[in-house]
Amino acid sequence: MKTQLLPASPAASSSGRPELSPTKEPARGWFARQYRQRMLRTDLLTVIAWASVAAAVALWLADGGATNITTPAALFTAGGIVAGLAGMDLVLLMLLLAARIPFIDRTIGHDRALEFHGKLGKPSLYLLLAHGVLIAIGYGMAEGLDPVSESINLWVQVPDMWLAFVSMALFIAVVVTSLVAVRRRFPYEFWYVVHLLTYAAVATSIPHQFSVGGLFAAGTWQRWYWLAICIYTGSALVYFRILEPVLATARHQLTVAKVEAVAPGVVNIVMRGRKLDQLAGTGGRFFIWRFLAPGMWWHPHPFSLSAEPIFNGPEGQGTLRVTVRNLGSGSAQLLRLRKGTKVALEGPYGLLSTAARTKNKVVMIGAGIGITPLRALLETTPFAPGEATVLLRGHTDQEIYLGGEILDLCQARGARLFHLTGPRGHGRSTWLPDDAVRNGYSLNSYVPDIADADVYVCGPAAWAANVIADAGKAGVREEQIHHERFDW
Amino acid sequence: MKIRGTVAAALASAGILLAGWQTGTQVGGISTVASSTTATGTTGSTGTGSSGTGSSGSGTTGTGTSGSSSTSGTSGTSGSTGSSSSSGSSSSSGSTGTSASGTYKGTAVQTRFGPVQVQITVAKGKITDVTALQLTNTDGKSIQISNRAAPLLRSKVLAAQSANVQTVSGATITSDAYLTSLQAAIDAAHL
């Protein structure tokens with residue numbers, strides 16, 4: 001059994017590290033309250049999302065839309081209008097989910113926000129297609145034309161309508177390239193650029209909504225409401241996706257201080273900057289980094305801090321550290337980063353943090369490079385000595401990155417630590433090493449009280465899925481599992 | 001927790017939809033009243049004389065109130081109707097008006113922006129006036145278009161004495177409907 005067990009030791013331990021300033025332990029029940037509040041915010045978001053769709057339809061109802069359905073043609077037209085309103089509303093919701101609004105991020109997390117964003121993709125496209133088809137049929141019937149001639153008429157004769165047709169084509173392109181089957185055939189960058197066309201798709205769809213649509217004619221309150229939600233969405237995108245990152249980059253003025261090898265193909269990138277006190281306690285959350293060097297600046301890297309910021313100046317001057325493994329062409333360049341390279345950052349994002357805690361006990365399970373965010377989380381997340389367990393998985397001890405630092409932290413704060421090394425096992429707990437599986441170990445064997453703990457999981461997607469399945473069998477409820485998916 | 005959110009969302013959505021529906025039925029009532037008054041206004045303009053009842057009878061929508069308002073022949077065009085004194089013969093327009101004098105209604109042509117219907121006034125086999133009974137009016141923009149296109153079309157038709165005139169650019173849909181209705185009116189007048 002290549003596992004290693006450290007009995008819980010009191011917080012004041014003897015490791016060579018400087019004082020760790022472990023966060024003050026909160027009162028009992030604090031995490032449960034935090035969880036209840038987060039659920040309340042989740043419900044609020046659910047209500048807002050559904051209510052906004054209802055409101056879009058209500059705009060039309062309030063205009064007497066339903067009372068005007070007197071002919072079959074009017075019925076088709078009405079269906080088309082409602083589909084268009086609901087479809088546009090879903091598109092705006094999608095944009096808001098992708099806008100990295102802090103309220104959404106600390107409520108459901110970045111990855112779940114993007115998951116909902118993705119789930120809305122197809123429904124919104126179907127609604128927009130239905131909008132176009134039903135309107136063409138309805139208008140056509142009113143004039144005695146077939147839908148195709150009617151569409152051509154609309155394109156040719158009605159101002160702003162050609163833009164709406166362009167918009168429809170763009171929406172189709174964006175959704176099709178986002179389908180998993182299609183997306184896998186293209187590099188990330190291709191998908192990303194096509195996805196940027198969403199903004200063009202939305203922009204070209206807006207003129208006809210206000211000029212052709214009678215519902216939003218000048219002087220109606222519906223027009224003001226629609227304008228307001230469009231402007232709000234646009235502002236949120238501009239602020240949180242462009243302005244705030246630029247401000248953060250200017251505020252912290254990060255430069256690469258040094259790049260040091262941790263293991264073969266793995267480096268620590270240490271960056272020097274200002275006002276880093278504002279980033280304290282973000283362990284586990286991730287930032288999007290751009291290293292502003294030729295050929296690299298456009299490539300965004302999502303990395304978590306692998307240690308709390310270290311301050312050495314009166315205004316929060318100090319250093320940040322990320323630990324990076326050479327995974328792709330983009331990461332390979334990082335190993336050769338030059339000292340002094342300027343760094344742009346966005347974030348922090350995600351819920352792999354203390355903000356997600358629901359219980360007093362905590363378990364952290366990491367594999368490979370996924371160990372490093374847990375290293376930072378372990379440093380600050382509050383727990384009483386003996387109430388934390390850390391499970392680290394690697395092929396060899398060398399693959400337990402930052403293993404030494406984690407050992408020190410566990411000793412200092414009183415956490416149990418297991419190194420799970422060896423080749424991958426077979427059977428149901430394939431996240432464990434082979435010998436552990438053959439001995440019949442599961443998650444419960446290492447953490448008997450796991451059902452009463454928050455479980456942070458960080459590692460490759462398939463491995464993490466196995467861990468989460470095992471945790472579920474051990475009685476861990478869904479809301480206790482905290483896992484950030486980095487795969488796009 | 002999930003159930004609480006879903007229930008709350010469903011209730012909020014239902015409430016919003018209900019409020020929208022409630023407002024809508026009120027607005028709907030007003031809008032039908034409004035459309036009926038505009039209808040009577042235009043039909044009133046044709047009558048001027050005694051035949052107010054005849055025209056209101058054939059008026060499209062609920063023109064119950066038209067009797068009272070018909071006396072105030074609104075538009076300037078009614079003047080010309082009066083001068084031609086063909087109002088008396090309008091009773092024949094309903095049926096087989098062989099003498100090509102009187103007022104003749106075209107069919108109401110449906111467009112995506114609302115129905116269009118015109119009426120022509122004929123004196124001694126000549127179109128002396130064209131009145132729009134209904135014009136595209138579903139929203140501000142189409143009303144604007146209608147107001148611009150109708151006078152242009154009227155003068156073109158009076159000059160050409162037929163429906164074979166150029167459509168007004170930027171108001172193609174309204175023009176097409178206008179001329180279609182006009183042709184029907186011309187057919188009815190056996191011109």
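Since every read-out is calculated from the coordinates, none of them should be taken as a lab result. In this text, all values refer to a predicted model and were calculated from it rather than measured experimentally. Please note: Cβ atoms are built from the backbone with ideal geometry, for glycine as well, and neighbour counts cover all protein chains shown.
Ordered by the count of other Cβ atoms within 10 Å of each Cβ, fewest first, B:Ser101, A:Ser52 give A:Ser52, B:Ser101.
With respect to chain A, whose longest principal axis is taken over its alpha-carbon atoms, helix A:403-413 is tilted by about 80°.
With a 10 Å cut-off around each Cβ of A:64-72, the average count of Cβ atoms from other chains is 4. Model label points for A:Ile242 and A:Thr70, set 7 angstrom from Cα along the Cα-to-Cβ axis, are 4.7 nm apart. Quotient of the Cα radius of gyration of chain A and 2.2 N^0.38 Å, N being its number of residues: 1.14. For chain A, the longest principal axis of the alpha carbon atoms and the long axis of helix A:110-143 meet at an angle near 10°. Looking at region A:122-228, the trypsin sites (Lys or Arg not before Pro) that sit in a DSSP loop and have at most 13 other Cβ atoms within 10 Å of their own Cβ are A:Arg184, A:Arg185. Neighbours of A:Phe311, meaning other residues whose beta-carbon lies under 11 angstrom from its beta-carbon, give a summed charge of -1 when Lys and Arg score +1 and Asp and Glu score -1. Shielding by partners for peptide A:38-48, expressed as the average number of C-beta atoms from other protein chains within 10 Å of each residue's C-beta, is 4. In units of the compact-protein estimate 2.2 N^0.38 Å, region A:359-482 shows a Cα radius of gyration of 0.96. Mean partner shielding of peptide A:52-60, defined as the number of other chain Cβ atoms within 10 Å of each residue Cβ, is 5. With 31 Å as the cut-off, how large is the P(r) tail for region A:30-247, expressed as percent of Cα-Cα pairs? Pairs farther apart than 31 Å: 26 percent.
Each residue in A:Glu308, A:Glu115 was given a count of other beta-carbon atoms within 10 angstrom of its own, and listing them fewest first yields A:Glu115, A:Glu308. Give the angle, between 0 and 90 degrees and rounded to the nearest 10, that separates the Cα long axis of helix A:188-211 from the longest principal axis of the Cα atoms of chain A. The angle comes out near 30 degrees.
A convex hull fitted to the Cα coordinates of region A:250-349 yields 91 cubic angstrom per residue.
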